[in-house]
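The values are calculated or read from the model by the stated rules, or taken from the named source; none is laboratory data. None of these values were measured; they are calculated from a predicted model. All Cβ positions, glycine included, derive from the backbone under ideal geometry; neighbour counts span all protein chains shown.
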Amino acid sequence: MKILIFAEQRDLQLKKHALEAVRTGRALADQTGGEAVALVIGQGVKNSAATLAGFGAHRVLIADDAKLAAYSTTAYAKIIADVANAEHADVVLMGASAMGKDCAPRAAVRLEAGLASDCIACTVENGEIVATRPVYAGKALTDIRISTAVKVLTLRPNVFSAGTSSGATATPAPVSVALTDADLATVVTGTSKSAGKMDVAEADIIVTGGRGLKGPENFGMIEELAGVLGGAVGASRAVVDAGWRPHEEQVGQTGKTVSPSLYIAVAVSGAIQHLAGMSSSKYIVAINKDKDAPIFQVADYGIVGDAFEIVPALTQETKKLLGK
Amino acid sequence: MKLIACINHVPDTATRVSIGADGKSIDRTGVTFVLNPYDEFAVEQCLRLKEKNGGEVIAVSLGGDAHKETLRKALAMGVDKAVLLKDDSPRDSFAVAHALAEYAKAQSPDAIFFGKQSVDADDAAVGPMVAELLGMPSVTVVVKMDVNGTDVVAEREIEGGREVVATKLPAVFTAQKGLNEPRYPSLKGIMAAKSKLIEEIAPAAVPARVQVTAMRKPASKNPGKIVGTDVSAVPELVRLLHEEARVI
């Protein structure tokens, strides 16, 4: 199979999920005797695109144009579909990021392709791709077969392994970019970053605070622990609904579904909506003074006790370990 | 302005999911269905745009008769008209998008709103697919928007921040929590909604592009280890995370 991977960059930095998608695309190509071709879209992306060979891309293409410097849903979807057609791609892969989830459905319609969003597994059985994707925020998993000639899959970040680079580089080949004004019907005119904040959907470590923290003023210790671990701060729905933390941090069925390596739930009881959003984390730590809290049922390690004592001690102990 | 809110009827987020007899869908027995939480923001945004600019709001839902309950909620919130694209058979996201796009095309709306995803299939695909089918721009996961004539400046949530997107109507938007505070239906609205007619249309069948071959519950985890019951357990927890789990 010919696999086309749309490898997302932001600020000329390839996203980790882009590397994961390239590595996964290569694995699919190897299993089916095909080729993995990576595509990077933007302006001035040549150098970063070149490094995708190290993650398994047989070839690297770039759509490099001033009109593509800022993300445009319509233009990116068109280019992905046009390149997939020109390359006769059987499968199009990309990360299920804010950008991937935004443009993949449009690219799929253009390609008359079936779409499997936010996949957590992708294998080949009898020469056919079988994708697994969570539904009901992870309360159930579905196996998906796509019956169209071209198939589009978005891959949940942090689930597939990117591995480490072999160090190989490729010389990216430019694809021609011909965009009309209509193709640029949406265009990003600016971004506002929550300064220095890591997003829960991308973080490898998340420290989440719940209502048991009693008030927004007590999230300082959560931020500190997350900072020492190089992770992101998460929040339960109760905390967000109470206005203690912004909605971007909400983990759960009406927030973000996350799968970090380490999820530390502090004073979170573990409502079913919350568990659905985080129980696929690789390791879960629960700190709660209620030994019957449902969060302990999904936790790998738990401490039954007072978060106000345990979290600062955990921060200190982690600092010691990491030599910070 | 002519505004369309595409809404879905989904299991309440407090539902404990169990797998149905077909092994491909959930067991719906005893499950409470509600208006998809994100769709409330879509309906509210339509109502606010109408209040400001005048016009009409149509709520449309694809599904069986049960979806009328959710359409009545939209009527109670204040939409002018409710339409059921009546089809009880399972549809993939493209087949849903196709039916909605066909309906919308005939209406020539200024804007079409969705919730950012349905909390059942979690595809987040139908909105942008409808936009592509109609040749309209789309902005997803919108948390803020300003409409000035046909010019729109919208903010969408991205990883660790927001993205400001400029586009023009007619366009498709998918709403994220934070875009607005959905109103509660008034008692008067609820009573009036009961007697309103819900238009029924039979959408054309569309071949599925994606098949669910199996549905299962995720592997349940073995009960974890309670490392301790006070602060003295912290060094052992850190050791386990470092040496056993190797995550720090």
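Please enumerate the residues belonging to the stretch B:183-222 that are over 30 Å from A:K282 (Cβ atoms) and of a type in the set (G, A, S).
Within the stretch B:183-222, B:S186, B:G189, B:A192, B:A193, B:S195, B:A202, B:A204, B:A205, B:A208 qualify.
Listed here are the residues, each with its yes/no results for (1) within 8 Å of chain A (Cβ to nearest Cβ); (2) surrounded by fewer than 24 Cβ atoms within 10 Å (Cβ to Cβ).
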site: B:A106; (1), (2): no, yes
site: B:D110; (1), (2): no, yes
site: B:D120; (1), (2): yes, yes
site: B:V130; (1), (2): no, no
site: B:V139; (1), (2): yes, no
site: B:R156; (1), (2): yes, no
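Can you list the strands (runs of 3 or more DSSP E) found entirely within the stretch B:1-68 that contain at least 1 residues being closer than 21 Å to B:K105 by Cβ and away from chain A (no Cβ under 14 Å)?
Per the criteria, B:2-6, B:56-63.
Answer yes or no as to whether B:K225 is of a type in the set (D, E, K, R), facing another protein chain (nearest Cβ under 9 Å) and surrounded by 13 or more Cβ atoms within 10 Å (Cβ to Cβ).
Against the criterion (of a type in the set (D, E, K, R), facing another protein chain (nearest Cβ under 9 Å) and surrounded by 13 or more Cβ atoms within 10 Å (Cβ to Cβ)), B:K225 qualifies.
Can you spot a residue in the stretch B:182-194 that is within 13 Å of chain A (Cβ to nearest Cβ) and either free of Cβ contacts under 8 Å to residues at least 60 places away in the same chain or closer than 30 Å to A:G234 by Cα (or both)?
Scanning the stretch B:182-194, I find at least one residue that is within 13 Å of chain A (Cβ to nearest Cβ) and either free of Cβ contacts under 8 Å to residues at least 60 places away in the same chain or closer than 30 Å to A:G234 by Cα (or both), so the answer is yes.
Go through the stretch A:1-111 and tell me which helices (runs of 4 or more DSSP H), entirely inside it, have 3 or more residues that are within 23 Å of B:P128 (Cβ to Cβ) and in contact (Cβ under 8 Å) with a residue 12 or more places away in the chain.
In the stretch A:1-111, A:16-32, A:73-86, A:98-110 are the helices (runs of 4 or more DSSP H) which contain 3 or more residues that are within 23 Å of B:P128 (Cβ to Cβ) and in contact (Cβ under 8 Å) with a residue 12 or more places away in the chain.
Which residues, taken from the stretch B:206-222, are more than 7 Å from every other protein chain (Cβ to nearest Cβ) and free of Cβ contacts under 8 Å to residues at least 40 places away in the same chain?
Result: B:A219, B:S220, B:N222.
A:A116 passes all but one of (1) touching a residue at least 40 places away in the same chain (Cβ under 8 Å); (2) among the small types (G, A, S); (3) within 9 Å of chain B (Cβ to nearest Cβ); which number fails?
(1)
Anything in the stretch B:69-88 that is touching a residue at least 60 places away in the same chain (Cβ under 8 Å), in a loop (DSSP other than H, G, I, E, B) and more than 15 Å from B:A42 (Cβ to Cβ)? List them, or say none.
B:D87
If I ask for residues that are in contact (Cβ under 8 Å) with a residue 24 or more places away in the chain, aliphatic (A, V, I, L, M) and either part of a loop (DSSP other than H, G, I, E, B) or within 15 Å of A:R10 (Cβ to Cβ) (or both), which ones from the stretch A:178-194 would you list?
Those that are in contact (Cβ under 8 Å) with a residue 24 or more places away in the chain, aliphatic (A, V, I, L, M) and either part of a loop (DSSP other than H, G, I, E, B) or within 15 Å of A:R10 (Cβ to Cβ) (or both): A:L179, A:A185, A:V188.
Okay, residues lined up against (1) modelled with pLDDT of 95 or more; (2) part of a loop (DSSP other than H, G, I, E, B); (3) farther than 26 Å from A:T51 by Cα; (4) away from chain B (no Cβ under 13 Å):
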residue: A:T169; (1), (2), (3), (4): yes, yes, no, yes
residue: A:S176; (1), (2), (3), (4): no, yes, no, yes
residue: A:G196; (1), (2), (3), (4): no, yes, no, no
residue: A:I206; (1), (2), (3), (4): yes, no, yes, no
residue: A:E223; (1), (2), (3), (4): yes, no, yes, yes
residue: A:A226; (1), (2), (3), (4): yes, no, yes, no
residue: A:E248; (1), (2), (3), (4): no, no, yes, no
residue: A:V258; (1), (2), (3), (4): no, yes, yes, no
residue: A:Y263; (1), (2), (3), (4): yes, no, yes, no
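Go through the stretch B:223-248 residue by residue and tally those that are under 23 Å from A:L275 (Cα atoms) and either among the small types (G, A, S) or in contact (Cβ under 8 Å) with a residue 60 or more places away in the chain (or both).
3
All but one of (1) buried (at least 24 other Cβ atoms within 10 Å of the Cβ); (2) in a helix (DSSP H, G or I) hold for A:A238; state the number of the condition that does not hold.
Against the list (1) buried (at least 24 other Cβ atoms within 10 Å of the Cβ); (2) in a helix (DSSP H, G or I), A:A238 comes up short only on (1).
Quick one: is B:V172 surrounded by 15 or more Cβ atoms within 10 Å (Cβ to Cβ), within 11 Å of chain A (Cβ to nearest Cβ) and under 27 Å from A:A116 (Cα atoms)?
Spelling it out, B:V172 is indeed surrounded by 15 or more Cβ atoms within 10 Å (Cβ to Cβ), within 11 Å of chain A (Cβ to nearest Cβ) and under 27 Å from A:A116 (Cα atoms).
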